[in-house]
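The values are calculated or read from the model by the stated rules, or taken from the named source; none is laboratory data. Owing to the predicted nature of the structure, the values given are computational and were not obtained by experimental measurement. Note that each Cβ is placed from the backbone with ideal geometry, even for glycine, and that neighbours are counted across all protein chains shown.
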Amino acid sequence: MDAIRKQLDVLMGANRNGDVREVNRKYYDRDVCRLYLVGLCPHELFQLTKMDMGSCPKVHSLQLRKEYEEAKSKGVDNYDRELEDVIDKLIGECDRKIGRALKRLEDDDAKAAIAISVTEVTQTPEVLELSREIKEKLKEADQYDLEGKMDLKIRAMEIVDELRTKRADKQSTLLLDAFNKDRASLPQPLPNPPSLAAIPLVAPDPQTQEMINEKLKKAEELGEQGMVDEAQKALEEAEALKKLPPRHEPLLDSSKYTAADVRITDQKLRVCDICGAFLSVYDSDRRLADHFGGKLHLGYMQIREKLAELQLVVHKMTP
């Protein structure tokens, strides 16, 4: 029920039932969300993700945002710094998570920590143009909402979804090209390796088994929440982990193989420098597109863009 309520809030506004109290409410009232007035409330970005902050306890109103923007243009009020402080903290936490992830990969395999900047790789003129079109459509949707033209707002949001899908597909192709070059630098197996038929099958090593158990548990939890696609993906990841070779020295002649050769089929993880998610150089374009179109990645992308925008305004105002 909460999920349905959140979807209705996004499409029709939190005051969709016609709460008359909003008629007399002012943008500067204590129960109005100042972050939303400035343009972005983090509570809205991460709904139904592991970063879900729950519903914002304060009022979100496009009409009040419009009134605030008019007052701000006259120099009456400015809440930019409040939003900047909040999202700066969120980005700081994300960047620390990215740092820990890179350290973990570096400890496991020095080459795994090679930095591939998702931001740099995926910011082509075409992608930037799609991002601009998305922002314009979102503004149109807000205007239709203010005018009560809900059919036009819904259509505008459908176009936003289409543009986001197109952008995610383009970004996944760009990152896949970068990963292909990355894979080419990884150690390759020997041209004529000895037959592995004589090597007995063994159970996954403890570290891999722990990862498998976590994936299975996650799949069960997602299934209970009705998130079928996500649960299926977690199961597929668990099956892929089961096929990985154990992380120990092989029974073959050790003089011919290095540890890197043994682990050539490992996932070779990289860390997204926007949201901190793990990506594999062996991921498919569909998997990467799902990542770029996911709520978590989009949410962190929005707050990073908003922070840059706020800092630019402050820089222009500084003599």
* Structure fact -> Among residues of region 104-131 being at pLDDT 65 or above and assigned to a loop (DSSP other than H, G, I, E, B), the residue surrounded by the most Cβ atoms within 10 Å (Cβ to Cβ) is Q123
* **Failed criterion for K153 (all others in (1) part of a helix (DSSP H, G or I); (2) out of contact with any Phe, Trp or Tyr (no Cβ under 6 Å at 6 or more places or on another chain); (3) surrounded by 15 or more Cβ atoms within 10 Å (Cβ to Cβ) hold)** => (2)
* To do: Please go through region 46-62 and pick out each residue that is out of contact with any Lys or Arg (no Cβ under 9 Å at 6 or more places or on another chain) and closer than 21 Å to E147 by Cβ.
  => H60, L62
* Of all residues in region 15-45 being modelled with pLDDT under 90, more than 20 Å from A141 (Cβ to Cβ) and of a type in the set (A, V, I, L, M, F, W, C), the one that is surrounded by the most Cβ atoms within 10 Å (Cβ to Cβ) -> V23
* What number of residues in region 278-310 are of a type in the set (G, A, S), in contact with a Leu (Cβ under 7 Å, 6 or more places away or on another chain) and either over 26 Å from E82 (Cβ atoms) or without any contact (Cβ under 8 Å) to a residue 24 or more places away in the chain (or both)? -> 1
